[in-house]
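*Asks:* Handing you a structure now.
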Amino acid sequence: MPSAQTAGRAADRPSWAPLAIVLIGGFIAFLDFFIANVAIPSIQSDLGADASGAQLVMVGYGAALCVGLITGGRMGDIFGPRRMFLAGLALFTASSAACGLAPDIGFLIVARIVQGLSSAMLAPQVLAVVSHVYTGEARGRAFGAYGLMLGLSGLCGQLIGGVLIALDVAGLGWRSVFLVNIPVGLVILALTPRSVPDIRTGADTELDLVGAALATAGLVAVVLPLLEGREQGWPLWARVSLVVAVPLIALFITHQRRLAARCGAPLIDPGLFRSRGFTIGVTAYFVYFMSMGSFFLLFAIYMQEGRGWTPLASGLLFTTMSAGFFGSSFLAGRIAARIGNQVIALGAGLVAAGYGTVGVIVPQLGTNGTAGWVAPGLLVAGFGMGLVAAPLPAATMADVDPKHASSASGVLSTAMEGGAALGVSLVGLVFFGTLGNPPAPDNYPRAFCLGIAAIVTFPLVVTLLVQALPGPTPTTPDTDREGSEETGTAKQPVR
């Protein structure tokens, strides 16, 4: 029979299997937005789609993911993170097969929307599992792994997509970027029931359908014009949609407050935003991803359209940024132990410096210079991203009640996707406005430089927001151990 001391040591070393399982599921869900980006030209050619139809392949997934995250998160609180993770992953795997076998562009667009909704079901459950299963130092490491997964899904998406298309396995071409999800999804589906505990949050067993409808309508009214409006020259419907979004979101907030005041079960507990750490953290996350989403898009367009590089070649240049990100991810915890939340400010400052360096160098290259000169700037920016990726969501979720972990994660993920969409729209106005219509080849370096000038302001704002974050709360080893002994890994009921 194990001694109490042996049991204590075991509790301090929780199993990492649940983390690995949910991170792989989250990785393929977030990766699928970026990996499909490089396949758009091939899809357009193979299916005979026009530019608008091809654009909807991306917009459909991004919009569905963004508008479904809050509802998906709340459903995780109600039904349990593992159940929602399994349901979302099963639907994601099936819709990936539908995407890979799509006979025409219309079928592909519908399949991508379903794929986005399934991602919104499973993505919030990743942080929820981390919040429930891990405590103390283990939770910090788990958040670090989550940040690494999130960053690599964006940084490696273009490279992985380019490699798959270049390999052209079995003549599948662009279809392989979707079909590759099937074996991964099936393996994770088989392993999840064995490895991830069935967490019961104790949350109310009802879904706020009115709140879900208002949240979905409001987010659609914001996200759809942000993703599609610029491509269509900001038509009337896009401008009307943004105006209509204001009363819809106001109604949603009012409904949530009234429901909470009546001791009901709102989609988002207003109490979450009474935490300064959560409110400031979500805002910083939103602004931070305004820079990431817009930089990835601008850099891909500059390299592929401005310089004529292939998706694979431009993706390989991104490995420099990935190297910096990967390296600093392992240092973020040690640096945070010394300077606390200022590690986020340091990382955001380095991201701004790296982007700025790239923006200064590109005009000097013109349209013929060696693009390798931008590698040092990408390395610095990637290093900064690694210092932000884990500490920022960890600081945001620090004071969240575990029974609302899925909802809070849904809000955080919505901030990420919404920030990326808004960043692309705002920076796109600068970039494409400078580029001209039709684009003038000689304008690409200057348009890129001006776009970068706008992007740099976003991480600088993050450095200021971080100053308002509360300091980290010291953990009590005895308390953490006690919680671990109650459930094996966490303080929540697990069945």
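*Asks:* Could you give every pair whose Cβ atoms fall below 8 Å, whose first residue belongs to segment 47-64 and is of a type in the set (Phe, Trp, Tyr), and whose second residue is in a helix (DSSP H, G or I), counting only separations of at least 6 or pairs across chains?
*Replies:* These pairs meet every condition: 61/32; 61/33; 61/112; 61/113; 61/115; 61/116; 61/119.
*Asks:* Among the residues of segment 261-298, which ones are of a type in the set (Gly, Ala, Ser) and in a loop (DSSP other than H, G, I, E, B)?
*Replies:* At the first step, the residues of segment 261-298 found to be of a type in the set (Gly, Ala, Ser) are 261, 264-265, 271, 275, 277, 281, 284, 291, 293-294.
If the condition is that a residue be of a type in the set (Gly, Ala, Ser) and in a loop (DSSP other than H, G, I, E, B), then 264, 265, 275 are the ones that fit.
*Asks:* Residues in segment 95-127 that are more than 15 Å from the chain's Cα centre (by Cα) and among the hydrophobic types (A, V, I, L, M, F, W, C): how many?
*Replies:* Residues meeting the conditions: 13.
*Asks:* Within segment 189-199, can you find the residues that are in a helix (DSSP H, G or I) and either free of Cβ contacts under 8 Å to residues at least 24 places away in the same chain or in contact with a strand residue (DSSP E or B) (Cβ under 7 Å, 6 or more places away or on another chain) (or both)? Before the answer, list the steps.
*Replies:* So in segment 189-199, the residues in a helix (DSSP H, G or I) come out as 189-195.
Selection gives 190, 194.
Residues checked against (1) in contact with a strand residue (DSSP E or B) (Cβ under 9 Å, 6 or more places away or on another chain); (2) charged (D, E, K, R); (3) buried (at least 20 other Cβ atoms within 10 Å of the Cβ):
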{"residue": "77", "(1), (2), (3)": "no, yes, yes"}
{"residue": "94", "(1), (2), (3)": "no, no, no"}
{"residue": "104", "(1), (2), (3)": "no, yes, no"}
{"residue": "120", "(1), (2), (3)": "no, no, yes"}
{"residue": "126", "(1), (2), (3)": "no, no, yes"}
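*Asks:* Also, I was wondering about something else. If you check every pair at least six apart or on different chains, which have Cβ atoms under 7 Å apart with a residue in segment 432-444 that is assigned by TED's automatic domain parsing to the domain that holds residue 306 first and a residue that is among the aliphatic types (A, V, I, L, M) second?
*Replies:* Hits for this filter: 434/447; 434/450; 435/447; 443/435; 444/435.
Residue-wise test of (1) in contact with a Leu (Cβ under 7 Å, 6 or more places away or on another chain); (2) surrounded by 15 or more Cβ atoms within 10 Å (Cβ to Cβ); (3) at pLDDT below 90.
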{"site": "202", "(1), (2), (3)": "no, no, yes"}
{"site": "213", "(1), (2), (3)": "no, yes, no"}
{"site": "225", "(1), (2), (3)": "yes, yes, yes"}
{"site": "235", "(1), (2), (3)": "no, no, yes"}
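Rundown of residues vs (1) among the aromatic types (Phe, Trp, Tyr); (2) closer than 18 Å to residue 280 by Cβ; (3) buried (at least 24 other Cβ atoms within 10 Å of the Cβ), yes/no style:
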residue	(1), (2), (3)
344	no, yes, yes
354	no, no, yes
358	no, no, yes
361	no, no, no
387	no, yes, yes
427	no, no, yes
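*Asks:* Identify, please: which residue in segment 254-290 is buried (at least 22 other Cβ atoms within 10 Å of the Cβ) and of a type in the set (Ser, Thr, Tyr) and is, among those, farthest from residue 208 (Cα to Cα)?
*Replies:* In this case the residue turns out to be 288.
*Asks:* Wholly within segment 317-403, which helices (runs of 4 or more DSSP H) include no fewer than the required count, namely at least 3 residues that are closer than 23 Å to residue 141 by Cβ, within 20 Å of the chain's Cα centre (by Cα) and of a type outside the set (A, V, I, L, M)?
*Replies:* Numbers: elements: 332-339, 342-365, 375-389, 391-397.
Ranges flagged: 375-389, 391-397.
The values are calculated or read from the model by the stated rules, or taken from the named source; none is laboratory data. Quick caveat: nothing in here was measured; it's all calculated off a predicted structure. Quick reminder, even Gly has a Cβ in these numbers, built from the backbone with ideal geometry, and neighbours come from all protein chains shown.
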